[in-house]
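Only one structure is covered here, and it is reproduced in the block below.
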Amino acid sequence: MLKLYDYWRSSAAYRVRIALNIKNASYDRIPVNIAPGKNEQFAESYQRLNPQMRVPSIEVDGQITGQSMAIMEWISESLPGPSLLPDDPWTRLQARAFANTIACDIHPLNNLSVLAALRNDFGADQAAVTRWYHDWIRRGFEALERIAQDLPPATLLFGDQPTIAEICLVPQVSNARRFDMDLSDFPRLQEIDAACLTIDAFARAAPEAQQGSQA
């Protein structure tokens, strides 16, 4: 049995939920409320599980690790069901590059700890925080939109089956919408997002679908 230490609104945890659902894997979801003022990730009991004090973490046969991208690679390699990576080596490289643009360039600059530092250490008000948030998404999405537009026509990015690229994209689009970002300059990314949300594995992983979620 797998255990996923999860926060309903975390985009990194959202990725892992999608990946597990694509594999139709059974897992226990253990909520860790990382919302400001709750900060359950800083509890000593959780620090022992994940010294980085972040979500998600995954527990497999008593062994625990974090980092969503590494977890998804393990899911793709170790669990039965569709691969999360394309078969062709070059296309696999493209999918990883697309996903890492989100996971390495966009998301780290917009996570809760960075936004808190902007407020607490640099005196940023909410308008400034929102500008920061939008700017880093826009920079990444401008590149990803061009990449998506140049790919061969398909329902999704690399064919008709979702890969780690779509798995990373959908939570980031969700975050952009939550921060009221205008996405009209990114029509292809919006098309891919809409197509993914018709897939059960994505729909069941959505933040609003998580039972027992806390604001």
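The values are calculated or read from the model by the stated rules, or taken from the named source; none is laboratory data. Given the structure is predicted, the values throughout are model-derived calculations rather than measurements. Cβ coordinates were reconstructed from backbone atoms using ideal geometry, including for glycine residues, and neighbour counts include every protein chain displayed. With ligands, DNA and RNA removed, areas are computed over all heavy atoms of the protein, side chains included. Shrake-Rupley method; radii C 1.70, N 1.55, O 1.52, S 1.80 Å.
Sorted from largest down, what three extents in whole angstroms do the Cα atoms of region 57-118 have along their principal axes?
41, 35, 12
Please name whichever of Leu79, Trp90, Gln41 sits farthest to the positive end of the charge dipole of region 1-136, dipole taken about the Cα centre and charges placed at Cβ: Lys and Arg +1, Asp and Glu -1.
Value: Gln41.
List the trypsin sites (Lys or Arg not before Pro) within region 25-106 that fall in a DSSP loop (any state other than H, G, I, E or B) and whose Cβ has at most 15 other Cβ atoms within 10 Å. All intermediate terms of the calculation are to be shown ahead of the outcome.
On the way: sites: Arg29, Lys38, Arg48, Arg54, Arg92, Arg96; in loops: Lys38, Arg54.
Taking region 25-106 and a limit of 15 other Cβ atoms within 10 Å, the loop trypsin sites (Lys or Arg not before Pro) found are Lys38.
For Leu112 and Lys3, what does the FRET efficiency come to when R0 = 22 Å and r is the distance between their Cβ atoms, rounded to the nearest 0.05?
E between Leu112 and Lys3, to the nearest 0.05, is 0.45.
For region 100-191, run through the chymotrypsin sites (Phe, Trp or Tyr not before Pro) and keep only the ones in DSSP coil with at most 11 other Cβ atoms within 10 Å of their Cβ.
Of the chymotrypsin sites (Phe, Trp or Tyr not before Pro), the ones in loops of region 100-191 whose Cβ has at most 11 other Cβ atoms within 10 Å are Phe122.
Would you mind getting the accessible area per residue of region 16-142, heavy atoms of the protein chains only, 1.4 Å probe, in Å²?
Working: 6810 Å² over 127 residues.
Per-residue accessible area for region 16-142 comes out at 54 Å².
Return the whole-Å distance between the Cα centroid of region 109-157 and the Cα centroid of region 31-58.
A separation of 24 Å, based on Cα centres.
What FRET efficiency do you get for Asp125 and Arg178 if R0 is 22 Å and r is their Cβ-Cβ distance, rounded to the nearest 0.05?
0.75
With N denoting the number of residues in region 107-215, provide Rg(C-alpha) divided by 2.2 N^0.38 Å, to two decimal places.
Scaled against compact globular proteins, the figure is 1.17.
Counting only protein heavy atoms and using a 1.4 Å probe, what share of the accessible area of region 1-107 belongs to carbon plus sulfur, as a whole percent? List each step's numbers first, then the result.
Working: 2620 of 5240 Å².
Here it works out to 50 percent.
Let's test the formula: R0 of 22 Å, r as the Cβ-Cβ distance of Ile64 and Asn33. What FRET efficiency results, to the nearest 0.05?
E between Ile64 and Asn33, to the nearest 0.05, is 0.75.
So which helices of the chain fit the span-like rule, where a helix is a whole DSSP H run, its Cα atoms reach 18 Å or more along the axis, and its mean Kyte-Doolittle is at least -0.5? Before the final figure, lay out each step's value.
Details: long enough: 126-150 (36 Å, -0.78); 164-178 (22 Å, 0.36).
Span-like helices in the chain: 164-178.
Over 10 Å intervals from 0, what percent of Cα-Cα pairs in the chain sits in each interval?
8, 34, 37, 18, 3
Going by amide H atoms built from the backbone, whose H comes under 5 Å of the H on Ile30, apart from near neighbours?
Leu4, Tyr5, Asp6
Send over the Kirkwood Rh of region 1-64, from the inverse of the averaged 1/r over different Cα pairs, rounded to one decimal Å. Intermediate values should be presented prior to the final figure.
Details: mean 1/r = 0.0837 Å⁻¹.
By the Kirkwood definition, the hydrodynamic radius is 11.9 Å.
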